[in-house]
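Have a look at the structure below, then the notes.
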Amino acid sequence: MKRALAALLLAALVVPVVAVASPPPILPFEEVRAGMLGTGLTTFHGTQVERFDVEIIGTLPNVGPDQNLILGRLSGGPLQGTGVLAGMSGSPVFVDGKLVGAVAYSWGFTKEAIAGITPIEEMLQVAERESAGTGSPRPRLDWRPEALRALREPAALERFFAENVLGKLGSAAGTHLRATVPLSVAGLGPGSLERLAPALRRSGLLPLQGGSGRPSPADKRGAANLVPGSPVGVKLVRGDVDLTATGTVTWVDGSGVLAFGHPLFGLGRVDLPLVTARAEALLPSLEQSVRIAVPGVEAGAFRQDRATGVFGLVGAQPRMIPVRVRLADGGRAERSFSFDVADDPLLGPVFLYVSLLGILERVERVLGRLTLHLREGSVVKLRGEEDAELHNVFAGPSASAFATLRTAQILYILMNNPWSAPQVEGVNLLLGFEDEPLKAQLRRVTLDRYRARAGETVTATVVLRPYRGADLILRRPIEIPTALQPGRLHLFVGDALAVDRADLSDDPVAPRDLKQLIWLINHLRRNDRVYILALREDSGVLLGGARLPNLPPSVHGVLARPQSLGNFAVIPRRGVLEEEIPTGFAVEGFARVQLEVEAP
């Protein structure tokens, strides 16, 4: 027994103690000289970290404000045949055992593997900002009333989103140096990403077909062995749709991780999943060779996206926006899709748009005449606020693009409002898809009489011609308000867009707060209605969100003088009444009828 206990004690004494490795010493930029020889760490296959050789060939001080660059010639392993690989961004470089920096930049069509190396002391400043708790909150984009008005018309919406959302994606990095970052894509068709291609290229992202299946045992082990040189990913969308930007770990200190050596988007403070990755293959190219990587398990959260790198914390829990989609196709079984998008005022709307369009492209179609219903229950859920409603009907060749873009635009409007930072609890979409365009053209509008007194009822008859169908006759009684003064009344009858154009009284005015913004979204006119809007000439104004109708000329003249008030507009007409007729079709067309209101 004594011998057995002695053997166990001896075995316990010789078991190695596993300790967290401390970061290596650094070599400041001022001490780096051409001719120095060093080594780098990266992963060419699987998760195995390998060495490559580095020769320092020069330094470039002040390539940007407080930004320097080291030039290095890389060799060893497959680099002679591939050159610098996209995906190596963040690979640490050592000289005499001291950390110099991270491979971050390369140049296309070069004959040698020449890399731009970001000095490590500049990268460590990113970690210091996070540890000190400094840095601005996640930025919101500029919000303007045009964002709300753009929801009404496909062309205006596409133009606004391209200029004010996708355009910001391409310019966010804010540096003259451009790195190429592989973007592993799974669960999407190619067409949806093509719409994002210009903005992705400006951001330095290179989309590549990838996978997002169940993590392998090696992936799970990688979560516990995240070391300098390991592949690492920043997940932008996770679930049935997966988009992950991949690079390489530069520095690890406890739970802190530095990677990339350049910005991903340059968004500052972020909250994005940090995932392990596995190198699957190398793709040599004369222009830009790429390391194709597959994302692994979620290991933490990236919290900083700055000019010299991204910083994250292993074990941290990122917050994403859950998106749940149910798609019914009439003759086929209902299908469900579940994915999460980045909880970010810029990235969330962009990747919601591309994910929804990609799903429709993959499981249905986005070309040709079709109908897409956003049914009741389709909402953006906000904590502590009323749900923002999305239900509508879209028909025609651009139905899928308009429906998905409009949904993304509403999320953009809510997340970038100037009053508060709402917590988006989720996006729920109940989609109905039909192969035929359920459209109807407004053909004719008549009244049973064209002269009436206040308080009387006039019946409007609306004739619609559906796509490949017989005419549909709709009738709606219109009660003339009892307090209406005698005079001419203009009736504008038609689809939502046409009536919106006629009703311009509140266009220049911004809502007062988030609650009013949600109210305006929930009261947007729908495509499957015929609207009857009665307007009368007016001398009123909108001031601070309040309507002041029928002002005396003296008061109107004072308020209408040139002024700096942004929440002010002159009202040439005011609405007297509005009726809507549900049709079951996406309505197109417009008519104008005049009704004379007589004295009692």
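Here are a few things to note about the model shown:
- Here the simple spin-label model places points 7 Å from the Cα toward Cβ, and for Arg324 and Ser285 these points are separated by 3.9 nm.
- Positive minus negative residues near Val350 (Lys, Arg vs Asp, Glu; Cβ under 11 Å): +1
- Of the solvent-accessible surface of the stretch 47-136, computed with a 1.4 Å probe and all protein chains present, 46% belongs to carbon and sulfur.
- Normalised per residue, the accessible area of the stretch 176-328 is 34 Å², obtained with a 1.4 Å probe and no contribution from ligands, DNA or RNA.
- Prolate/oblate/rounded call for the stretch 278-339, Cα gyration tensor, a/c under 1.5 rounded: oblate
- A DSSP coil position with no more than 15 other Cβ atoms inside 10 Å describes the following chymotrypsin sites (Phe, Trp or Tyr not before Pro) in the stretch 449-518: Tyr450.
- Rounded to whole Hz, the Karplus (6.51, -1.76, 1.60) HN-Hα couplings of the stretch 404-410, x for glycine and proline: 6, 5, 5, 4, 5, 5, 5
- Label-to-label distance, Ala470 versus Asn225, with points set 7 angstrom from Cα along the beta-carbon direction: 7.5 nm.
- Surface composition of the stretch 247-327: carbon and sulfur make up 53 percent of the accessible area, probe 1.4 Å.
- Neighbour net charge for Pro119 - beta-carbon separation under 13 angstrom, K R +1, D E -1: -4
- Average accessible area per residue (Å²) across the stretch 374-506 - probe 1.4 Å, nucleic acids and ligands excluded: 42 Å²
- Summary of packing: across the peptides 184-192, 478-486, 510-518, the per-residue average of other C-beta atoms within 10 Å ranks them, highest first, as 184-192, 510-518, 478-486.
- Sparsely packed trypsin sites (Lys or Arg not before Pro) within the stretch 396-468, loop by DSSP, other Cβ within 10 Å at most 12: Arg449, Arg468
- Take every Cα pair under 8 Å whose residues are at least 6 apart in sequence, average their separation, divide by the length of the stretch 312-363, and the relative contact order is 28 percent.
- Residue-wise HN-Hα coupling along the stretch 367-374, computed from phi with Karplus coefficients 6.51, -1.76, 1.60 (Hz; x: Gly, Pro): 10, x, 6, 7, 10, 10, 9, 9
The values are calculated or read from the model by the stated rules, or taken from the named source; none is laboratory data. Nothing here was measured: the structure is a model prediction, and the numbers come from that model. Every residue, glycine as well, gets a Cβ built from its backbone with ideal geometry; the counts of neighbours run over all protein chains shown. We work out accessible area using only protein heavy atoms, side chains counted, and drop any ligands, DNA or RNA first. Shrake-Rupley method; radii C 1.70, N 1.55, O 1.52, S 1.80 Å.
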